[in-house]
1. Any residue at all in the range 241-251 that's part of a strand (DSSP E or B), at pLDDT 95 or above and under 23 Å from the mean Cα position of the chain (by Cα)?
2. What number of residues in the range 125-153 are closer than 23 Å to residue 223 by Cα and outside any strand (DSSP E or B)?
3. Kindly establish whether residue 232 is modelled with pLDDT under 95, within 22 Å of the chain's Cα centre (by Cα) and surrounded by 14 or more Cβ atoms within 10 Å (Cβ to Cβ).
4. Can you name the number of the only condition in (1) in contact with a strand residue (DSSP E or B) (Cβ under 7 Å, 6 or more places away or on another chain); (2) surrounded by 13 or more Cβ atoms within 10 Å (Cβ to Cβ) that residue 171 fails?
5. Might you check whether a residue that is touching a residue at least 60 places away in the same chain (Cβ under 8 Å) and in a strand (DSSP E or B) occurs anywhere in the range 78-88?
6. Is there a residue being surrounded by fewer than 18 Cβ atoms within 10 Å (Cβ to Cβ), closer than 20 Å to residue 34 by Cβ, at pLDDT below 95 and in contact with a strand residue (DSSP E or B) (Cβ under 9 Å, 6 or more places away or on another chain) anywhere in the range 57-78?
């Protein structure tokens, strides 16, 4: 028995490649995520009247680069009038390398169950479809999204563009700093209640996150500027004659705890 153990030990020293052989890459992976957030911010604007949100989703990824996924979040009534208080996204695409770049081409559909068209204004259901293309290089990424429908129900906004520049920088084991700047360019300008033109806006996000096994804790500072930020201030979020006004684009810190499985 002792000779056998010595022989096995010597073999592992002599043939390290055999002793440390990696498992083959699986053809595909399926993963899930779930989280609690102090606010749901989409492109800088609160979708929950600055209140908390539950979020989660599932992803399928093939080793060829093809992927599919779905994701959902609780939202406010203002975000989806008479809706079921939920946003459900469906997406799919293909990622592939070109030299040192990673290219990501895909489609994303935002669905709001139960939402109806507003009878008072030229505002359709908020359901929206976007196609996108992204480029990744090291810790940096840049993505352009193009609305193939009205932009969340707003009139004559098919063709709206959104640009996303992001970075994710590892600081230490399990500790990550991320930064984001986004720019919205509406296809057609809107006019707010003061008859001021609304055409574009910029949002920013700076976050730090800590991984603890399957869990991640995060704190993010979110801010906005431009027409879009002004358009989303002093919003009557409950629709009553004695309104509850909120600034849905104001700067804020968003805290979250999430898990992957």
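The values are calculated or read from the model by the stated rules, or taken from the named source; none is laboratory data. These numbers come from a predicted model, not from an experiment. Backbone-built Cβ (ideal geometry, glycine too); neighbour counts: all protein chains shown.
1. no
2. 3
3. Against the criterion (modelled with pLDDT under 95, within 22 Å of the chain's Cα centre (by Cα) and surrounded by 14 or more Cβ atoms within 10 Å (Cβ to Cβ)), residue 232 qualifies.
4. All conditions pass for residue 171, except number (2).
5. no
6. No: the range 57-78 contains no residue that is surrounded by fewer than 18 Cβ atoms within 10 Å (Cβ to Cβ), closer than 20 Å to residue 34 by Cβ, at pLDDT below 95 and in contact with a strand residue (DSSP E or B) (Cβ under 9 Å, 6 or more places away or on another chain).
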